[in-house]
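J.: Please find one structure pasted underneath; my questions will follow.
Values quoted throughout were computed directly from the atomic coordinates according to the rules given, and no laboratory measurement underlies them. The structure displayed is predicted, hence computed values, not measured ones. Cβ sites come from the backbone with ideal geometry, for glycine too, and all protein chains shown count toward neighbours.
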Amino acid sequence: MPRRAAAILALGAALLAGPTRADETDLRQRGELLFHIGGCTNCHTAKNGQLLAGGDAIVSPYGDFYAPNITPDPETGIGGWTLEQFVRAMREGRDPQGRPLYPSFPYTSYTRMTDEDLAALKVYLDSLPAVSQSSRPHELWFPFNVRWGLNLWQWLFFTPERFVPDPARDEAWNRGAYLVLAPGHCGECHTPRTFYGVLEWDRPFVGAQLGKERIPDITPNPAHGLGEWSTSDLGIFLKLGMMPDGDFVGSEMAKVVNNGTSKLPDADIAAIVTYLEGLPPS
């Protein structure tokens, strides 16, 4: 058995082999935290739709992507997925049949998540109400609608990885880096992409264009980034969505705050701020 599969199966067996009620509660709570920072609701829930039963259009230069039903429904959702299949989708961008997934699903960031966090997230997702609703197919332009081309894209541009803490940094910085780079997938919006949809990690977090919306620079650049924001300003923004001028954030970032960062414990907010303040200015 491949080492990766054996590790995942061993983890799944440990989680499912009769945990105590307290253990199950802790696991769901950990999964819920990851669910919020991962922004699952933002993409997978349509306006006025049922939770996680499928999202509204994600407009891109390649056409419109629709996030699928990820409720525990076994027919139209992911209720029939094993832990190994779930981890493979999150870490390798492959569905249970082994087909490549479009990187509109940010597995290019989720790939950095730990096995323990991925297992906890699945436990939480499995605890939510199942909704029987077929996922809406993507509406993409040719040739982007030819899925087999994703095999070439992954071969050229994607390598599964894990987050590796920086031993030269303290625990808070590393926690913030993990949350931003892995479950939080902040770079997926705030980092520009090439024509092929590849994140330009030589220019991290300098801002990007998402459809008609301009995503801001979140580096410490004082001219067009967050360099003029204080530590307190950043913490209040992530918790309340309020900017230094007293106005409140709108558009997609409002969802990120309302459904995600506002639900994080203060220690995680502080860790994210520590990491953002340590980014190189653009």
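J.: Just for the stretch 250-266: of the residues that are among the aliphatic types (A, V, I, L, M) and touching a residue at least 24 places away in the same chain (Cβ under 8 Å), which one is nearest to Gly187 (Cα to Cα)?
T.: Here the residue is Val256.
J.: Next question. What are the residues in the stretch 222-246 that are exposed (fewer than 12 other Cβ atoms within 10 Å of the Cβ) and assigned to a loop (DSSP other than H, G, I, E, B), if any?
T.: Pro222, Ala223, Glu228, Asp245, Gly246
J.: Output the number of the condition that Thr219 fails; it satisfies all remaining conditions of (1) in a helix (DSSP H, G or I); (2) surrounded by 13 or more Cβ atoms within 10 Å (Cβ to Cβ).
T.: The failed condition is (1).
J.: Sticking with this structure for a sec: Among the residues of the stretch 134-143, which ones are assigned to a loop (DSSP other than H, G, I, E, B) and touching a strand residue (DSSP E or B) at 6+ places or on another chain (Cβ under 6 Å)?
T.: Listed by number, the residues that qualify are Ser135, Arg136, His138, Trp141.
J.: Can you say whether Gly98 is surrounded by 15 or more Cβ atoms within 10 Å (Cβ to Cβ) and farther than 26 Å from Gly176 by Cβ, as far as the supplied structure shows?
T.: No, not satisfied.
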